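Visitor: Shown below is the structure under consideration.
Coordinate-derived values only; no laboratory data. Values in this document were obtained by computation on a predicted structure and should not be read as measured data. Because the Cβ atoms are built from the backbone with ideal geometry, glycine has one as well, and the counts that use them run over all protein chains shown.
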Amino acid sequence: MKSLDKLDKQELRELLNKCWMTHDGMWFWHCLQEFGIEKTNKMNKAAIRSLAPIEMKRIKKALGIEGVQTFQQLKELIEAAVEIVTGDFMNFTYSYPSENVLHWEFEKEQCWAYVGIKNMGVIDRYQCGVLYRIECWFDSQGIEYSVTPEVGGCLMHTRGNCSGDFKFNF
């Protein structure tokens, strides 16, 4: 048996994120069963919107990040946040193809939320919480941005892929 101190940082991060996302999925499932998809989408977005500023405040404090006034500072915050709150199972990549642009892309049909919500049978009415969380991170920091394509429902379902760009106004 492995003790906790024998897990490396990557193993611990992956375990904690899988547990958190399982909790999130089970919360979504039980709300769906109790209230239906419309109310569950609404509740999910409300929870995400209230989580984002707390999450960002904690990450910034833990890493000694004072503020975000430039694209470089935003990149540093994004790098830190992604390293902390994501796992390899999430199957996405991101890059900075040009100044003030963040590009994201999920592997085709491999987004964990897409797979889970599709298995629940409501992918056609799901409002993406994954990208909404990212948008709420930016909103909570007062960062002006635009997103292409506009995100509402599941892009993997409606477009066959989930990729796009956030363009920031610095």
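Visitor: Output yes when any residue across the range 110-128 is crowded, with 16+ Cβ neighbours inside 10 Å and on the phi > 0 side of the Ramachandran plot, and no when none is.
Guide: The answer is no; no qualifying residue exists.
Matching residues to (1) assigned to a loop (DSSP other than H, G, I, E, B); (2) touching a residue at least 60 places away in the same chain (Cβ under 8 Å); (3) not basic (Lys, Arg):
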site	(1), (2), (3)
Lys118	no, no, no
Leu131	no, no, yes
Glu135	no, no, yes
Ser146	no, no, yes
Val151	yes, no, yes
His157	no, no, yes
Gly164	no, yes, yes
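Visitor: Okay, next question. Given the options Val101, Val122, Val147, name the one that is touching a strand residue (DSSP E or B) at 6+ places or on another chain (Cβ under 6 Å), of a type in the set (Val, Ile, Thr) and under 20 Å from Asn44 (Cβ atoms). Working first, answer last.
Guide: On the way: Val101 fails: under 20 Å from Asn44 (Cβ atoms); Val122 fails: touching a strand residue (DSSP E or B) at 6+ places or on another chain (Cβ under 6 Å).
Going through Val101, Val122, Val147 in turn, just one is touching a strand residue (DSSP E or B) at 6+ places or on another chain (Cβ under 6 Å), of a type in the set (Val, Ile, Thr) and under 20 Å from Asn44 (Cβ atoms): Val147.
Visitor: Which of the residues spanning the range 26-62 are within 30 Å of Glu76 (Cβ to Cβ) and surrounded by 14 or more Cβ atoms within 10 Å (Cβ to Cβ)?
Guide: We begin by selecting, within the range 26-62, every residue within 30 Å of Glu76 (Cβ to Cβ); these are 44-62.
Listed by number, the residues that qualify are Asn44, Lys45, Ala47, Ile48, Arg49, Leu51, Ala52, Pro53, Glu55, Met56, Ile59, Lys60.
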